[in-house]
Every structure is written in structure tokens, then in C-alpha cells.
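Some notes on the structure that comes next.
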Amino acid sequence: MKVHGKARSSIRASETARSFSIIDQTLLPFVVEDHEIDTLTQAAEAIRSMRVRGAPLIGVTAAYGIALAMRDDPADTALEHACQLLQATRPTAVNLAWAIARMRSLLQPLAATARAAAAWQEAGRIAAEDVAANRAIGEHGLTLIRGLHQQKQRPINILTHCNAGWIATVDWGTALAPIYLAHDSGIPVHVWVDETRPRNQGLLTAWELREHGVPHTYIVDNAGGHFMQHGQVDMVLVGADRVSRRGDVANKIGTYLKALAAHDNGIPFYAALPTSTIDWQWHGDMDKIEIEERNGAEIRHLRGLSAHDGLTRDFLLLDENSAVANPAFDVTPARLISGIITEHGIAAPAQLESLHKEKVMVP
């Protein structure tokens, strides 16, 4: 995708195979700045601090983090340390565990002398596969938007929550990929962008859409139901951090409430994600998934540009002595979801279980 008219991706490996760079998402949308990572510790910090975020991008970052660890020390103990350190950074997003398991499975049988090169190549493959999968997700999701446009013969209003665009992946994005393709193919779309407190990832979505020229309107989280009631939302399209084998979706906190409102108003609700986000071991039981509890400072403070000096600053919203709870995700039950869009096609949630053995989605 593009930033200031120039093609960019969210993560770029160096030609020397000794470092990689990311766009520091903690500075967006006010500052676009690259952040170079050349150690395992820095990779883990980038994930934990949300310099990188979005389930697919977290997985790719972890893969490169393991590659850096193997460059410095290819021993078995170093490999296991790298996997454990990265696994502990963000517990809910399944792409993290998936990428770590894939790297471990490849590297463990290899001789120590072969691990560094193999790890770097595999991380590159994971990154390339992510781009291809997201493009395919976009193509499948485009059929839904095109169908709505043919039916309604007017611009299609899509509500999204959190940020599931290219900055949350290597490129294209998940939930935003169909929107980009619809816009590029001439289908008129308009996006309602949830602010998505407390991290305000909606700012990233608005920034992406503005850079690409997609019409959009930024709204507070509590406004979505109102627009649904008044017929101003045609579909809800979100990403996911983990999906159960029966089609329950763990996504950014607040997604469940949007699904309830969409269901009450007869509005289709779709989750877009690569199949690496499906946790085939999770059956949807609420007590079987760890919901990340983040630092309460994210609620007590708000980051923005100061009206006085134009600098990015943190502003205190709530007294430090006030108790807060800050779960990062909630779970939307499969019964509220119209379909799961993956790189292989669109499936009803109930189809995931039966399709697990074949690992094939319906076209």
C-alpha cells in the first residue's frame, strides 16, 4: 500500500540478513518513522509495546526475531529461549504461537550451523505468504461488497472496528483488503471507523484510508449501534486475533458489542483473517482462551498532539488512584457471525469444524 504516495510495507528485511525494520505504530498517525530491530530482545519489545500490532504482523515479527536469535546463537537452548520469550509477549493472538511453532519445527532438526540461514529464509517465506493470503482475502471479500452494491445501487457503508489494514499485516490487510479492492475497482464505499478505545487503533484505520483515498468517517465506539438503527450500515467487517474451530472470534475489545447490534438490526457481520489465525485446538470455551489484560495506563492516559506546541504528548484523563480494568479482547460467539473470510474463500462458522480435516474452505 502507499504512504504519501509511495509504496510501503509494514516490515522490511535488510539485505544483509542481520536486521529488519518496522513502522513504529506507537507514533502513528502523527509521525511515520522506521524502527530498526537487530536483536531478539528488540523484537520482543516491539511486540509487547505494540510498536508492531495486528495478529499477522506479530507472527512475522516473531519469525524474524527467532532468525536474529539464531544468528547470534544457534544452539538448542537459544532457540527455546527465543521461542519462550516471544510467546510471552502477547498471549491472545494465535498467529504468534503459529509462527513460533513453524520456526521451531523447521529449525530443531537442523544442524546448528544451518539454522541462521534457514531461519531467515523461513521468516521471509512467512512474510511473503502473508501478503498473498491477504490479497486473496481481499478478492473473496470483494464479492460480498460487489453483491451489496449490485443490490442497493448506491455507495456501500461498511463499519469496522480496530485496525485490520495493511499496517496490521505485511501488506493489504485483512478486513480492509476487500475495501481497498472495492475502491480501486470503482465500487463506491464509505467506511465508518470506530475509534477503538483505549489504544485508538481507529486512528490507524482512518490514516490508512485517507492515504489511499477511501471515503470514511471516524466515530466514537458507542455510535455504531445508532448508525445501524438508522440504516446507515450495510455490513460490519472486522479482523480477528484468534478464531475457534467452531467459528467464535476473539478480536479487539468492543467487537462483541458491534456484533450484537448488527444481529439486532439484521446487518451481516463478517470476520476476515488468514487460516493461520484459526486455533484448531480451541473449541470456543470462554475459559480456554487467555484474554490479555493490558496496563491500566492505556485507559488513564490519552496520546495526542498538543494544541499549544504541536508535539505528541500523553494527557492524563483519570486519577491514578482510580481502579481500571483493561481487557484487550472479547469473544464474539459464532451465532452472531455471518461468515469467515479467509484466503481460501468464505465459510459459515459452522463449516470450519467439518472442513478442518480437509483444510479447505468453500469457494
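Quick note: the coordinates plus some simple rules give every number you see, no bench work behind them. Quantities reported herein were computed from a predicted structural model and do not represent experimental measurements. Quick reminder, even Gly has a Cβ in these numbers, built from the backbone with ideal geometry, and neighbours come from all protein chains shown.
Structure summary
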| quantity | calculated |
| --- | --- |
| Relative contact order (%) - the chain, alpha-carbon pairs under 8 angstrom, separation at least six | 15 |
| Amide H partners (placed H, <5 Å) of V3, local residues excluded | R8 |
| 24 Å Cα cut-off, lysine pairs counted over the chain (separation 8 or more, or different chains) | 5 |
| Peptide ranges 55-64, 285-294 listed from the most packed, as the mean C-beta count within 10 angstrom indicates | 55-64, 285-294 |
| J(HN,Hα) series, the stretch 111-121, from Karplus relation 6.51 cos²θ - 1.76 cosθ + 1.60, nearest Hz, glycine and proline x | 5, 4, 5, 9, 6, 4, 5, 5, 5, 5, 5 |
| Cα gyration tensor category, rounded, prolate or oblate, for the stretch 140-355 with a/c compared to 1.5 | oblate |
| Amide H contacts under 5 Å for F329, placed H, 5+ residues apart | I253, E292 |
| Residue-wise HN-Hα coupling along the stretch 64-76, computed from phi with Karplus coefficients 6.51, -1.76, 1.60 (Hz; x: Gly, Pro) | 5, x, 5, 4, 5, 5, 5, 5, 7, 7, x, 5, 4 |
| Nearest 10 degrees, 0 to 90: helix 255-264 Cα axis against the chain principal axis | 30 |
